[in-house]
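A short write-up of the structure that comes next.
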Amino acid sequence: MSTAAGLDAALLLLRVAAGGFLLPHALGKLFGWFGGPGLTGFADELRGYGLPAVSPLPLLLALLQVSCGVAVLLGWQTRITAVVAALFLLSTAVLARPKGWFWMHGGMEYPLFWSLALLAIALAGPGAWSLHAFGEGALT
């Protein structure tokens with residue numbers, strides 16, 4: 001495998017992991033799937049952190065997270081959606097900070113890890129095996 005093909009494979013793997021891990025959490029907020037809280041529970045979570053949860057804010061945040069997860073996964077508008085998703089997760093890490101480092105105790109480790117992975121995607125771009133690259137190839 002050439003270096004370029006290896007990099008493209010690595011970026012695909014990273015995008016699938018980051019988008020694929022983000023998406024179920026987002027769908028849990030939006031629809032209550034995968035044992036998630038649904039919109040009402042998500043609004044309660046926001047309130048529990050002292051954040052505003054007035055309608056339609058929980059819906060908009062859940063839709064934003066779903067959109068970012070899908071876009072990163074597929075490699076469409078990857079740089080901006082990866083940054084937005086990273087900011088979303090960084091805010092989660094900040095909120096989890098009082099509980100310490102380890103995620104098993106509700107700490108900031110897990111959201112910080114995924115924030116860094118998403119920022120790496122934003123810096124590197126989607127790679128050749130993405131909707132972005134497919135669209136460029138279709139236009140040339």
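The values are calculated or read from the model by the stated rules, or taken from the named source; none is laboratory data. Everything numeric in this text was worked out from a predicted model, so none of it was measured. We place every Cβ from the backbone using ideal geometry, glycine too, and count neighbours over all the protein chains shown.
Being in a helix (DSSP H, G or I) and among the hydroxyl-bearing types (S, T, Y) is true of S115. V83 - would you say it is outside any loop (DSSP other than H, G, I, E, B), farther than 20 Å from A120 by Cβ, in contact (Cβ under 8 Å) with a residue 24 or more places away in the chain and of a type in the set (V, I, T)? No; evaluated as a whole, the condition is false for this residue. Exactly one residue out of F42, F88 is of a type in the set (A, V, I, L, M, F, W, C) and over 15 Å from the mean Cα position of the chain (by Cα), and it is F42. Out of curiosity, is I121 buried (at least 18 other Cβ atoms within 10 Å of the Cβ) and among the β-branched types (V, I, T)? Judged against the criteria, I121 is a match. Residue by residue through the range 75-102, note down the ones that are surrounded by 16 or more Cβ atoms within 10 Å (Cβ to Cβ) and within 22 Å of L46 (Cβ to Cβ). Residues satisfying the conditions are T81, V83, V84, A85, A86, F88, L89, L90, T92, A93, L95, A96. Among the residues of the range 63-74, some residue qualifies, meaning at least one is surrounded by fewer than 15 Cβ atoms within 10 Å (Cβ to Cβ) and modelled with pLDDT of 95 or more.
Being over 26 Å from S130 (Cα atoms) and part of a helix (DSSP H, G or I) is a property that F21 lacks.
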